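Heads up, the thing below is written out as structure tokens.
The values are calculated or read from the model by the stated rules, or taken from the named source; none is laboratory data. Predicted model, so just to flag it, every value in this text is computed and none were measured. Please note: Cβ atoms are built from the backbone with ideal geometry, for glycine as well, and neighbour counts cover all protein chains shown.
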């Protein structure tokens with residue numbers, strides 16, 4: 001039960017489980033004013049990361065109304081609302097001391113917290129006091145109910161954005177592959193996503209680079225499916241937001257919770273350019289999405305397309321690594337290396353069979369040989385340098401060496417470090433630590449070894465028919 005003379009309001013679109021958590025938050029012991037459940041216990045039960053995040057959720061999806069007639073606002077005589085336990089406790093304490101004002105009057109009268117508690121505010125209250133009546137729920141010009149006006153504001157915004165941002169209004173399954181779910185989980189975990197899905201701009205920009213998002217087909221797919229999306233400032237929406245901000249700030253207790261949340265969300269979306277996760281039509285909260293993704297990793301069964309995607313992704317990342325090694329080589333040895341389909345094919349063969357340290361050693365060794373040959377050509381008495389031959393020299397040497405290894409059953413074993421400044425992706429760390437339980441990166445595994453370890457991990461289940 002909640003406190004006597006307290007009425008609890010909860011958003012209608014929540015799951016039964018989250019409604020129970022909110023009710024437990026406000027529940028008090030019988031015949032006392034003490035809260036029955038420790039907030040730490042409720043936070044853990046609701047699977048939130050900390051108390052602050054949980055109370056923000058509580059404030060977003062519920063509030064209580066003090067129905068005791070002795071505890072109305074001293075200025076407008078309206079009932080007072082509270083969105084957290086602390087707000088409620090403070091309001092009741094002020095009510096007993098005849099110092100209680102609602103949010104609107106506190107804002108209008110310009111009270112600071114200290115001024116609000118002084119006894120000499122009585123004269124100021126009398127000067128600005130207004131009689132209480134049902135008209136408080138209406139806007140003076142036109143006699144329009146406040147909630148209806150708020151609804152028209154939201155409708156005006158949505159009429160502007162629904163064409164370009166249609167996906168914000170579609171409630172359906174995200175329909176993600178296994179790897180896409182992992183990436184969504186890592187982005188959500190790392191980018192300090194707020195309750196409306198906004199990613200921390202600096203962290204996301206850094207992650208965009210380290211995850212090679214411009215070449216990463218998984219992140220491109222999340223954008224294509226509108227799970228991640230970018231917004232741009234919209235002047236028409238900004239004008240509506242600014243014009244009606246006072247309405248939503250001054251009259252929150254007269255406006256439906258869903259409308260208030262939408263107004264706040266659209267402020268985040270369109271006042272400036274940002275990147276967002278589109279999750280709130282599928283989940284009650286950001287933490288619920290994280291928990292659901294985490295649980296899916298344990299129960300997910302990989303099908304043929306998932307296995308194919310894992311292989312393609314690993315080889316793509318390994319080839320990107322190999323080209324980065326070539327780029328590093330060219331910084332110190334200005335030899336011509338032509339990017340081509342032939343070089344792609346050779347690098348695929350290398351990264352499939354050998355780990356990155358062996359690949360780096362092999363590439364550097366052949367680059368030294370090419371540099372030596374070019375030096376000899378450059379210093380001949382009769383320079384007969386064929387540019388086509390020179391551009392193909394590097395790939396020709398690698399191909400020749402691989403053929404030699406095949407014919408003689410030799411396996412390259414020399415390794416060369418890749419340096420302390422080498423960057424690793426979040427997915428590498430996650431897979432290494434949470435799935436294959438070996439190492440901290442993929443550099444010590446060949447592509448084939450990594451695929452084998454991943455698919456044969458105890459953390460992975462493959463459908464029986466594969």
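Of note:
- Criterion violated by residue 451 - all others in (1) under 31 Å from the mean Cα position of the chain (by Cα); (2) under 24 Å from residue 336 (Cα atoms); (3) at pLDDT 90 or above satisfied: (2)
- One residue from 238, 187 being surrounded by fewer than 19 Cβ atoms within 10 Å (Cβ to Cβ) and at pLDDT 90 or above: 238
- Every condition in (1) closer than 19 Å to residue 358 by Cβ; (2) surrounded by 13 or more Cβ atoms within 10 Å (Cβ to Cβ) is met by residue 460 except one, and the failing one is (1).
- The range 350-372, residues that are more than 36 Å from the chain's Cα centre (by Cα) and either under 20 Å from residue 215 (Cβ atoms) or without any contact (Cβ under 8 Å) to a residue 24 or more places away in the chain (or both): 363, 372
- Candidate set from the range 436-448 (those that are crowded, with 17+ Cβ neighbours inside 10 Å and more than 16 Å from residue 418 (Cα to Cα)); member that is modelled with the lowest pLDDT: 436
- Across the range 193-209, the qualifying residues are those that are surrounded by fewer than 19 Cβ atoms within 10 Å (Cβ to Cβ) and out of contact with any helix residue (DSSP H, G or I) (no Cβ under 7 Å at 6 or more places or on another chain), and the one among them that is nearest to residue 272 (Cα to Cα) is 201.
- In the range 159-168, of all residues being part of a helix (DSSP H, G or I) and either in contact with a strand residue (DSSP E or B) (Cβ under 8 Å, 6 or more places away or on another chain) or without any contact (Cβ under 8 Å) to a residue 24 or more places away in the chain (or both), the one that is farthest from residue 306 (Cα to Cα) corresponds to 159.
- Criterion (at pLDDT below 90 and part of a helix (DSSP H, G or I)) met by exactly one of 339, 369: 369
- Elements of type helices (runs of 4 or more DSSP H) contained in the range 172-269, each with 1 or more residues being in the same structural domain as residue 162 (by TED's automatic domain parsing) and over 30 Å from residue 302 (Cβ atoms): 201-210, 235-250
- Residues of the range 389-423 satisfying the condition of being surrounded by fewer than 14 Cβ atoms within 10 Å (Cβ to Cβ), touching a residue at least 12 places away in the same chain (Cβ under 8 Å) and at negative phi: 413, 414, 417, 423
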